[in-house]
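Please treat every number below as a calculation from the coordinates, not as lab data. Quantities reported herein were computed from a predicted structural model and do not represent experimental measurements. Note that we place each Cβ from the backbone using ideal geometry, even for glycine, and neighbour counts take in every protein chain shown.
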Amino acid sequence: MSEESKPEASKKGKGKGKGKAGRGEGEMNNISGALVEQLLKANPSLAGEMQGMDSRKVEEMMRGMNLQDILTGMAAGGKNQKDMASYKFWNTQPVPKFGEDEPSPDGPLRENDLSKVKTVGAELIEGFEWDTVDLADDQQVREVYELLSHHYVEDSEAMFRFNYSASFLHWALKAPGWVKNWHVGVRVTGTRKLVAFISGIPVTLRVRENTLRCSEINFLCIHKKLRGKRLAPVLIKEVTRRCNLESVWNAIYTAGVVLPKPISTCRYFHRSLDWLKLYETGFSPLPASSTKAKQVTKYALPANTSTTGLRDMEVKDLDAVHDLLTRYLERFELVPKFTVEEIGHWLLNGGSKYEERIVWSYVVEEEGKVTDFFSFYSLESSVIGREETIRAAYLFYYASETAFSKSPNAKQELKVRLNALMHDALILAKKFNFDVFNALTLLDNTLFLEAQKFGAGDGSLHYYLFNWGTSFISGGIDDKKNIDQERGSGVGVVML
Ligand SMILES: CC(C)(COP(=O)(O)OP(=O)(O)OC[C@H]1O[C@@H](n2cnc3c(N)ncnc32)[C@H](O)[C@@H]1OP(=O)(O)O)[C@@H](O)C(=O)NCCC(=O)NCCS
């Protein structure tokens, strides 16, 4: 999961990403002061990292960076300055390296051999032991919740922290086909306290023309007192080993930090629903040219939706939604291949069996046919140091028959339709008391983010594939990290 992201204007000059730039092609050898200035303007995150440095040093550093990496924002962050050799762990893993040529053709980066997979995990440092966290046991779900709620992802200024609820964890980690052994914990020997966690769930992915059985890795978390001790690589190797034991050799994961090497980068966007609350909690700034009243008016929404035929999605819609989404996702390069059962799990709140509602899904039915659907899920963030939470709705999967129009104006028609649907999604999210609606620049989101008054966040989400080489997939942003409506995004996987 990415780092928390806030609207960019709230950022006080700190970069979110970390990483490094590849050497070789695109290296910035003849860089002038004016060009440096221009590049930094295009990459506020990098500018933040370099704030306070003298201009000669900035020029020198940028000279060693790769142009593509600077422009996509990947080069931002403290870790930029280390070269590939410094990724001591990732350098040993089957992942693409910075500076390497793009693979041709696409394929695995390491040979797989089940007979070589170790049957027991590597030894942990004294005082700690491996555990398989049993998520069928509510007490153990509670322990994961406790660990994450105190130690999981925070924003760069430590103002907010994701607060994945127990219901959310049930939903996210017990998707159809879930493997108990892929919920990996580290406990303190003796007290049994859970101090680190990493998880995988099975997913079938299509990466361009190849279909892969993957694990989707998420919720990597280490207790704050155990940070910086190289435990993360041990956890990653352990979950890899457990996936390999099931003959799963590829994985997908996302992070706000730059690691070798993103196959795509999307940007976070935020649409205020309760601007005043977001302002009061420090999530949203008051722009210099505006007033509180103007901001509240800007984000006001009608009380009722306007799309004819819009209604809650029900079990009876499963086949139709599965068919529509499957066809819709064919238009993208990196997508999940869902079964009907998986659609039921992800869109109908796991059969509505949790205490708390996690996902909201709606269909549009016209003359007995489902023509569109959209969904969003709920994820709160704690405001650190206060008894307060921000209730965020995250745009999840959606699809529209309009995407298959044969008209010469097809793209414009899709844009109009998606804007209408997303406007209704905002109205519904507001009705359910969400404070903010978040979305990335993936799927066809570039067609409506600006029109629906989403503002750019300071966070990027980098997508990674383990043991699979493929060339970079557009994440819906251009070289300056601005929305790229023309090219759009090739990413169709929404990660929690
Ligand atoms: C992310 C986290 C587990 C890293 O732990 P840590 O104690 O800082 O790092 P360690 O000393 O154990 O390991 C460092 C190695 O892990 C890698 N690493 C750090 N964050 C990573 C991530 N999110 N995904 C994969 N690898 C990561 C580093 O790049 C480094 O490897 P390298 O030498 O090849 O560069 C820890 O900071 C944490 O729990 N943060 C809060 C939750 C979070 O951000 N989770 C990740 C969500 S994507």
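Key figures for this structure:
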quantity	calculated
Contact order normalised by residue count of the range 111-248, Cα under 8 Å, 6+ apart, percent	26 percent
11 Å beta-carbon shell around Thr371, net charge (K/R +1, D/E -1)	-3
Reduced Cα scattering model of the range 114-263, Debye log10 I(q)/I(0), q = 0.11, 0.16, 0.20 Å⁻¹	-0.43, -0.94, -1.44
The range 372-496: C-alpha gyration tensor shape, a/c 1.5 cut-off, then a/b vs b/c	oblate
Out-of-range pairs (alpha-carbon distance over 32 Å; input Lys294/Lys431; Lys224/Lys261; Lys237/Lys277)	Lys237/Lys277
For Asn163, residues with placed amide H under 5 Å, excluding near neighbours	Glu380, Ser381, Ser382
GluC sites (Glu not before Pro) restricted to DSSP loop in the range 114-167 with at most 15 other C-beta within 10 Å	Glu123, Glu126, Glu157
